[in-house]
Amino acid sequence: MRWLSYRIFTTLGWRVEGDLPDLPKMVIIGAPHTSNWDFFHFLAVIQHFHINVNFLGKHTLFKWPFGFMFRKVGGIPVDRRKAGGVVEQVRNAFAERDRMILVIAPEGTRDAADSWKPGFVRIASGADVPVVFAGVDSTRKTIFISEPHWVGDDEVGFMDRVRAFYADKNGMRPDKKGPVRLADEPVS
């Protein structure tokens, strides 16, 4: 599926601009997430870089008979009811592994969202791993990859870098692109 997605991606004139850092652990955020086609772009990009990635899934997906399959393709089960929440569970997953590339769509929906879910910032900060921005731009048929960024102590400055990167990325459905703002971030 990855190979086929990549072949279709390149045949249709799409390309990838930028390189992934050679780091053992990172969070990659993908946005704007405005279409079901974003999944095929995701598959094409991981084929382009020949990497294995992880993603989060509801813990009930990881039970028999499909649990093995979801784990095999990089799924990490999370239980939203569990004490400590999803962020703590994912931080622990980073601590338990030598290598981990976690891919997250912070908008959490393909429709225009009023804000992004802040989990990726909390995960990266707590696990002390960088965030790499991946931006879909249909007008240029390009997936843009940023250099790594650490959240550090200045979350506002970090989010300003996120906003600057995504300012000119239109997604597959530009009309569904929402603002780049965390749900718990003050509106300026």
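The values are calculated or read from the model by the stated rules, or taken from the named source; none is laboratory data. In this text, all values refer to a predicted model and were calculated from it rather than measured experimentally. In this analysis, Cβ positions are derived from the backbone assuming ideal geometry, glycine residues included, and neighbour counts consider all displayed protein chains. The protein model used for the area step is the full one, side chains on, heavy atoms only, and it has no ligands, DNA or RNA in it. Shrake-Rupley method; radii C 1.70, N 1.55, O 1.52, S 1.80 Å.
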Worksheet item: Can you pull out the residues in the range 2-32 that are open to solvent by less than 40 Å² (accessible area, probe 1.4 Å) and under 17 Å from the mean Cα position of the chain (by Cα)?
Response: V16, G18, L20, P21, M26, V27, I28, I29, G30, A31, P32
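Quick one: would you say D98 is open to solvent by 40 Å² or more (accessible area, probe 1.4 Å), within 24 Å of N54 (Cα to Cα), more than 16 Å from the chain's Cα centre (by Cα) and among the acidic types (D, E)?
In short, yes.
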Practice prompt. Say whether the condition of being more than 24 Å from I46 (Cα to Cα), at pLDDT 85 or above and among the β-branched types (V, I, T) is met by at least one residue in the range 133-144.
Written response: no
Worksheet item: So, in the range 120-142, of the ones that are touching a Gly at 6+ places or on another chain (Cβ under 9 Å) and among the small types (G, A, S), which residue ends up most open to solvent (accessible area, probe 1.4 Å)?
Response: S125
Practice prompt. Please identify the pairs in which a residue from the range 163-176 that is farther than 18 Å from F42 by Cα has its Cβ atom under 6 Å from the Cβ atom of a residue that is at pLDDT below 80, counting only partners at least 6 apart or on another chain.
Written response: R163/V180; K176/T34; K176/D111; K176/A112
Fill in: Any hit, the range 60-78, residues being under 30 Å from P179 (Cβ atoms), open to solvent by 30 Å² or more (accessible area, probe 1.4 Å), in a loop (DSSP other than H, G, I, E, B) and not small (G, A, S)
no
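Could you please give the count of residues in the range 114-141 that are more than 16 Å from the chain's Cα centre (by Cα) and not basic (K, R)? Please lay out each step first, then the result.
The initial filter retains those residues of the range 114-141 that are more than 16 Å from the chain's Cα centre (by Cα), namely 114, 126, 128, 138-141.
Narrowing further to those that are not basic (K, R): 114, 126, 128, 138-139.
Matching residues across the range 114-141 total 5.
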Practice prompt. Specify which of the listed residues (V129, V180) is of a type outside the set (K, R), in a loop (DSSP other than H, G, I, E, B), in contact with a Leu (Cβ under 9 Å, 6 or more places away or on another chain) and closer than 30 Å to S5 by Cα.
Written response: V129
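Yes or no, residue by residue, for (1) in contact with a strand residue (DSSP E or B) (Cβ under 8 Å, 6 or more places away or on another chain); (2) more than 27 Å from Y166 (Cβ to Cβ); (3) outside any strand (DSSP E or B):
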site	(1), (2), (3)
F40	no, no, yes
L43	no, no, yes
H48	yes, no, yes
G57	yes, no, no
R81	no, yes, yes
A93	yes, no, yes
D98	no, yes, yes
I101	yes, no, no
Worksheet entry | Complete set of residues in the range 143-160 that are part of a helix (DSSP H, G or I) and surrounded by 17 or more Cβ atoms within 10 Å (Cβ to Cβ) | F158, M159
Item to complete: Could you please let me know if A183 is open to solvent by 20 Å² or more (accessible area, probe 1.4 Å), under 14 Å from S115 (Cβ atoms) and of a type in the set (A, V, I, L, M)?
Response: yes
Response to the item:
Given the conditions (1) modelled with pLDDT of 85 or more; (2) touching a helix residue (DSSP H, G or I) at 6+ places or on another chain (Cβ under 8 Å); (3) more than 26 Å from E185 (Cβ to Cβ), every one holds for I46 apart from (1)
